[in-house]
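Report on the structure given below.
The values are calculated or read from the model by the stated rules, or taken from the named source; none is laboratory data. What you see is a predicted model, and the numbers here were worked out from it, not measured in a lab. Ideal geometry is used to build each Cβ from the backbone, glycine not excepted, and the neighbour counts take in all protein chains shown.
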Amino acid sequence: MSDRLTKKSTVATSSIMVFPSDTNDYGTMYGGRLIEMMDMVGGICARRFSSHKAVTASIEDMQFNKPINRGDIIEFTARVIYTGRTSMVIKTKVTREGYDEVKEVCARAYFVFVSMDSKGKPVEVPELMVLTLKEEKNHKIGTEIRKRQALEEKRFEIELKENL
């Protein structure tokens, strides 16, 4: 039997107001800026869960659903949905609210983080406890994402080796 720690999912949240410097010529938020902020909140979630530094390994299935406008308040929610031995899949969702306080989902992505020790080597993370039906569904999504990412890693290695 493994003495690997088990742990409930960790959540990280953050809110900001979108300023003109965050927006393009259309007055909507830059996609790259949004991804950067999603990555930061996801990294906080990964660090809290693993109790170690965590680095981004990949961004999977980034979806922009609705534009985010200058002046909107956006909220980021990141949650661990799957763990491997040293990696974690973090589901990061973004909602926006205008002046009417109605929240709507405008973006979502799955970030894969790897937990690192002080020497920059991957370190084991706790095993995720899956307790609810919602967590079970998210865990299945995380499992599929991790399988797909493993295939992409192999393809990338081939591309590097063959200088494609």
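Remarks
- Residue list for the stretch 113-164, filter: of a type in the set (A, V, I, L, M, F, W, C), free of Cβ contacts under 8 Å to residues at least 24 places away in the same chain and assigned to a helix (DSSP H, G or I): 133, 150, 151, 156, 158, 160
- Residue 41 vs. criteria at pLDDT 95 or above and surrounded by fewer than 18 Cβ atoms within 10 Å (Cβ to Cβ): no
- For the stretch 19-36, the set of residues classified as touching a residue at least 12 places away in the same chain (Cβ under 8 Å), more than 10 Å from the chain's Cα centre (by Cα) and under 12 Å from residue 92 (Cβ atoms) consists of 34 only.
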